[in-house]
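Q: Let me give you the structure first, and then I'll get to my questions.
The values are calculated or read from the model by the stated rules, or taken from the named source; none is laboratory data. A quick note: this is a predicted structure, and the numbers were derived from the prediction, not measured. FYI the Cβ positions are ideal-geometry reconstructions off the backbone, even for glycines, and counts take in every protein chain you see. Surface areas here come from the heavy atoms of the whole protein model, side chains and all, with no ligands, DNA or RNA. Shrake-Rupley method; radii C 1.70, N 1.55, O 1.52, S 1.80 Å.
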Amino acid sequence: MADWLLTLTAWQQALVGTLFTWGMTALGAAMVFFFKNINRNVLNLMLGFASGVMIAASFWSLLDPAIEAAEENGSIPWLVVSIGFGLGGLFLYIADKTIPHMHFGPNKEKEGFPSHLKRTILLVFSITLHNIPEGLAVGVAFGAANEAANPTAAVLAAISVSLGIGIQNFPEGAAVSIPLRQEGLSRTKSFLYGQASGIVEPIAAVIGALLVTRVQPLLPYALAFAAGAMIYVVVEELIPEAQATTDSKHHFGVFGAMSGFIIMMILDVALG
């Protein structure tokens, strides 16, 4: 697999990687054909798992390589990474406050500019916001691989990012389509909307890969940017939703986060 990917350009590698993650989103969304409801504890576990994967990927796959890239460029590592990380969080904050969407939590809080869009579309937009930094993470990881001294090892590391995000996209797809079914949509429409939330990942990945390969000095900033955007999503939405339960069973979200972190860490260390 790695040998074949090495024959492709960075943006093509990123596209292949995120077509896999999109496919995993669609596979998870297909669970709506088998289940109409989703247990709250299971949903908390899924949200926590996604959080753990994204936290681990932010450091092992993005921030650590960003520090190394900054050192190779002769820049001040902590300054470059801090700027990129902060801009990533700021970007998601602005998107969160401007793009109309609705959270999946118990309160189904609306955010962004006022809109007359249907509730179902607003719910899909919420997950779509999550997927922007995930796509960027894959794109800049493959872009970094093309600039690495050991391209094979770097491509394997980028593959681990795709695998980790793809794994967490499966439960995330189910966490979109099944609540949409509960909103009154048919199973087919719930599936289509659920998988559509992942379309943004290939787009963001290709943009990220093209940017870092065309403007090489941007690489450490782009890696840290993707990390900052992912951490923003985790802290602002995923963890609060995983903990938003009326009983004492919020520890399911904690177990999910621990499991997701461990799996992503193993993938990064084993393949990277």
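Q: For GLY135, indicate whether it is buried (at least 19 other Cβ atoms within 10 Å of the Cβ), of a type in the set (Gly, Ala, Ser), in contact with a Ser or Thr (Cβ under 9 Å, 6 or more places away or on another chain) and farther than 26 Å from HIS250 by Cα.
A: The answer is yes for GLY135.
Q: Still on this structure, please answer the following. Mind checking which residues of segment 52-95 are touching a residue at least 12 places away in the same chain (Cβ under 8 Å), within 24 Å of ILE167 (Cα to Cα) and of a type outside the set (A, V, I, L, M, F, W, C)?
A: GLY52, SER58, SER61, PRO65, GLY88, GLY89
Q: A further question on this structure: Mind checking whether some residue in segment 66-73 is among the acidic types (Asp, Glu), open to solvent by less than 60 Å² (accessible area, probe 1.4 Å), over 22 Å from LEU238 (Cα atoms) and out of contact with any His (no Cβ under 7 Å at 6 or more places or on another chain)?
A: No, because not a single residue in segment 66-73 is among the acidic types (Asp, Glu), open to solvent by less than 60 Å² (accessible area, probe 1.4 Å), over 22 Å from LEU238 (Cα atoms) and out of contact with any His (no Cβ under 7 Å at 6 or more places or on another chain).
Q: Any residue at all in segment 192-212 that's open to solvent by 30 Å² or more (accessible area, probe 1.4 Å), in contact with a Gly (Cβ under 8 Å, 6 or more places away or on another chain) and within 19 Å of TRP60 (Cα to Cα)?
A: Among the residues of segment 192-212, not one is open to solvent by 30 Å² or more (accessible area, probe 1.4 Å), in contact with a Gly (Cβ under 8 Å, 6 or more places away or on another chain) and within 19 Å of TRP60 (Cα to Cα), which makes the answer no.
Q: Okay, moving on. Could you list, in sequence order, all residues of segment 36-65 that are charged (D, E, K, R) and open to solvent by 60 Å² or more (accessible area, probe 1.4 Å)?
A: LYS36, ARG40 - these are the residues of segment 36-65 that are charged (D, E, K, R) and open to solvent by 60 Å² or more (accessible area, probe 1.4 Å).
Q: Would a scan of segment 16-34 turn up a residue that is in a helix (DSSP H, G or I), surrounded by fewer than 19 Cβ atoms within 10 Å (Cβ to Cβ), without any contact (Cβ under 8 Å) to a residue 24 or more places away in the chain and not β-branched (Val, Ile, Thr)?
A: No: zero hits.
Q: Next question. Which one of these does ARG187 not meet: (1) modelled with pLDDT under 90; (2) in contact with a Ser or Thr (Cβ under 9 Å, 6 or more places away or on another chain); (3) charged (D, E, K, R)?
A: That leaves (1) as the condition not met.
Q: Name every residue in segment 142-159 that is part of a helix (DSSP H, G or I) and open to solvent by 10 Å² or more (accessible area, probe 1.4 Å), in order of residue number.
A: Hits for segment 142-159 are ALA144, PRO151, THR152, ALA153, ALA154, LEU156, ALA157, ILE159.
Q: Considering only segment 88-102, state which residues are open to solvent by 20 Å² or more (accessible area, probe 1.4 Å) and within 17 Å of the chain's Cα centre (by Cα).
A: Correct list: LEU90, PHE91, TYR93.
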